[in-house]
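K.L.:
Following this message is one structure expressed as structure tokens.
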Amino acid sequence: MSEQNETGSAQVHRPSVVVDQASMTYRVRSADAMHSSGGLRGRLRAARGVRTTEVQALQPLSFMVERGESVGVIGTNGSGKSTLMKLITGQMHPTSGRVYATTTPVMLGVNAALVRQVSGEDNIRLGCLAMGMTTAEAEAKRDAVVALSGLDERALQLPLKAYSSGMASRLQFAIATSVDPDILVIDEALNTGDAQFRERTRRRLDELREQAGCVFLVSHSLSTIQEMCQRVIWIEQGVLTMDGRPETVTRGYNLYVRAMSHGREEEGREILARKQAEIVPQRIDWAGGVPPQGTTNG
Ligand SMILES: Nc1ncnc2c1ncn2[C@@H]1O[C@H](COP(=O)(O)OP(=O)(O)OP(=O)(O)O)[C@@H](O)[C@H]1O
């Protein structure tokens, strides 16, 4: 695909993920309808399908992530980060626009499936099989997963419910990345790890990027984002607000958060408006007008 650069000549890209004017609006039953659903009137209303509320989680936004990039995604609570990740992994389809990925992304979230009742050892085997490995492949990956998780043999024999949240997230990360995913989406999973694990995680993410994959990391920890990513996207109130170098974007975000948390809301709104006016919307221009082969979410 190509894009016009500042000089007007076409620049060739090798994208892993392309978000092309994608938006997301949730439709939910309003509280009013829920409360009255016990009564006859409420049931009649529900039967007629009225009383729904729309939540616009994401305004149309476009960006492209190239092979080898690791992209941090930041924004205050409810700003639309998880929604964007669900569009990228194909868990949900955008209300309008399109999302393309060259391969199906692997989502690693705080809730990704680990079985609490069985041991860490068994979780490694089950997790590898669940990701499509054969028994022999799962066996072959076992030692690498254990090494990355940093768990000792004693801990591996304990049921997962005896793990601290940090231990569980280390194991989860090690299992999820054992398949060498091409596109990895991590939603808040790394914040519970200790310093040693963070260093191993950073090295593993670097390895994945070197294999021409790309990584998305959603986090409220700006230090984690700065440590692990070369590019940061800031989503606020469903709007793509900044997209650039980690130092620049986190500086803008910090100014906004500080203003809002000190009650200087007008200043906060001004920062947001300025940043949103400054961002140059990315125009996705498919070579020959044909989108790439691969996963299409909507
Ligand atoms: N399933 C849903 N149904 C209705 N509204 C939803 C749903 N999921 C999210 N929302 C709304 O969409 C908006 C964006 O939510 P989202 O979870 O994407 O934000 P977020 O930036 O990931 O938040 P956080 O940092 O708190 O995890 C919020 O207003 C939220 O209330």
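K.L.:
Among the numbered criteria (1) within 16 Å of the ligand (Cβ to nearest atom); (2) modelled with pLDDT under 90; (3) outside any strand (DSSP E or B), which single criterion is violated by LEU129?
P.N.:
If we test LEU129 against (1) within 16 Å of the ligand (Cβ to nearest atom); (2) modelled with pLDDT under 90; (3) outside any strand (DSSP E or B), just (1) comes out false.
K.L.:
Could you check segment 24-41 and list, in sequence order, the residues that are crowded, with 17+ Cβ neighbours inside 10 Å and modelled with pLDDT of 70 or more?
P.N.:
MET24
K.L.:
Sticking with this one: Six or more apart or on different chains, Cβ atoms under 8 Å: show the pairs whose first residue is in segment 76-95 and closer than 14 Å to LEU240 by Cα and whose second is within 12 Å of the ligand (Cβ to nearest atom) and of a type in the set (D, E, K, R).
P.N.:
Once the first residue is closer than 14 Å to LEU240 by Cα and sits in segment 76-95, its partners that are within 12 Å of the ligand (Cβ to nearest atom) and of a type in the set (D, E, K, R) give THR76/GLU236; SER79/GLU236; LYS81/ASP187; SER82/ASP187; MET85/ASP187.
K.L.:
Return a yes/no flag: does segment 192-202 have any residue that is of a type in the set (Gly, Ala, Ser), touching a helix residue (DSSP H, G or I) at 6+ places or on another chain (Cβ under 9 Å) and either on the phi > 0 side of the Ramachandran plot or touching a residue at least 60 places away in the same chain (Cβ under 8 Å) (or both).
P.N.:
Going through segment 192-202, the residues of a type in the set (Gly, Ala, Ser) turn out to be 193, 195.
Imposing the further condition that a residue be touching a helix residue (DSSP H, G or I) at 6+ places or on another chain (Cβ under 9 Å) reduces the set to 193.
After this cut, where a residue has to be either on the phi > 0 side of the Ramachandran plot or touching a residue at least 60 places away in the same chain (Cβ under 8 Å) (or both) as well, the list is none.
No: segment 192-202 contains no residue that is of a type in the set (Gly, Ala, Ser), touching a helix residue (DSSP H, G or I) at 6+ places or on another chain (Cβ under 9 Å) and either on the phi > 0 side of the Ramachandran plot or touching a residue at least 60 places away in the same chain (Cβ under 8 Å) (or both).
K.L.:
Still on this model: Of these, GLY120, GLY80, which one is buried (at least 17 other Cβ atoms within 10 Å of the Cβ), within 30 Å of GLU236 (Cβ to Cβ) and at pLDDT 90 or above? Steps first, answer last, please.
P.N.:
Details: GLY120 fails: within 30 Å of GLU236 (Cβ to Cβ).
The conditions single out GLY80.
K.L.:
Moving to a separate point now. Among the numbered conditions (1) assigned to a strand (DSSP E or B); (2) β-branched (Val, Ile, Thr); (3) more than 8 Å from the ligand (Cβ to nearest atom), tell me where VAL55 comes up short.
P.N.:
It fails just one condition, (3).
K.L.:
Also, I was wondering about something else. Tell me, please, whether a residue that is in a loop (DSSP other than H, G, I, E, B) and farther than 30 Å from ARG14 by Cβ can be found in segment 174-183. Spell out the reasoning first.
P.N.:
Our first condition is that a residue be in a loop (DSSP other than H, G, I, E, B); within segment 174-183, this holds for 180-182.
In the following step, the residues that additionally are farther than 30 Å from ARG14 by Cβ were identified as none.
So far as segment 174-183 goes, no, none of its residues is in a loop (DSSP other than H, G, I, E, B) and farther than 30 Å from ARG14 by Cβ.
K.L.:
Could you identify the single residue in MET167, MET131 that is more than 30 Å from THR248 (Cα to Cα) and buried (at least 17 other Cβ atoms within 10 Å of the Cβ)?
P.N.:
Working: MET131 fails: buried (at least 17 other Cβ atoms within 10 Å of the Cβ).
After applying the criteria, what remains is MET167.
K.L.:
If I filter segment 75-107 down to residues being among the basic types (Lys, Arg) and either assigned to a loop (DSSP other than H, G, I, E, B) or within 29 Å of ASN254 (Cβ to Cβ) (or both), which single residue comes out as nearest to the ligand (Cβ to nearest atom)?
P.N.:
Going through the qualifying residues, I end up with LYS81.
K.L.:
So for segment 188-198 (the condition being loosely packed, with under 15 Cβ neighbours inside 10 Å and assigned to a helix (DSSP H, G or I)), does at least one residue qualify? Working first, answer last.
P.N.:
Kept after step one, since they are loosely packed, with under 15 Cβ neighbours inside 10 Å, are these residues of segment 188-198: 194-196.
Imposing the further condition that a residue be assigned to a helix (DSSP H, G or I) reduces the set to 195-196.
Checking segment 188-198: at least one residue is loosely packed, with under 15 Cβ neighbours inside 10 Å and assigned to a helix (DSSP H, G or I).
K.L.:
Oh, and also: Restricting segment 272-292 to residues that are out of contact with any strand residue (DSSP E or B) (no Cβ under 9 Å at 6 or more places or on another chain) and modelled with pLDDT of 95 or more, which is farthest from GLY80 (Cα to Cα)?
P.N.:
ARG274
K.L.:
Oh, and also: Just to verify a result, which residue in segment 108-117, among those that are more than 23 Å from THR224 (Cα to Cα) and surrounded by fewer than 17 Cβ atoms within 10 Å (Cβ to Cβ), is farthest from the ligand (Cβ to nearest atom)?
P.N.:
First, the residues of segment 108-117 that are more than 23 Å from THR224 (Cα to Cα): 113-117.
From the residues that got through so far, the ones that are surrounded by fewer than 17 Cβ atoms within 10 Å (Cβ to Cβ) too are 113, 115-117.
Working: ALA113: 19, VAL115: 25, ARG116: 23, GLN117: 28 Å.
If we take residues in segment 108-117 being more than 23 Å from THR224 (Cα to Cα) and surrounded by fewer than 17 Cβ atoms within 10 Å (Cβ to Cβ), then GLN117 is farthest from the ligand (Cβ to nearest atom).
The values are calculated or read from the model by the stated rules, or taken from the named source; none is laboratory data. Bear in mind that the values here come from a model prediction, so they are computed numbers and not experimental data. Here the Cβ is made from the backbone with ideal geometry for all residues, glycine too, and neighbour counts use every protein chain on show.
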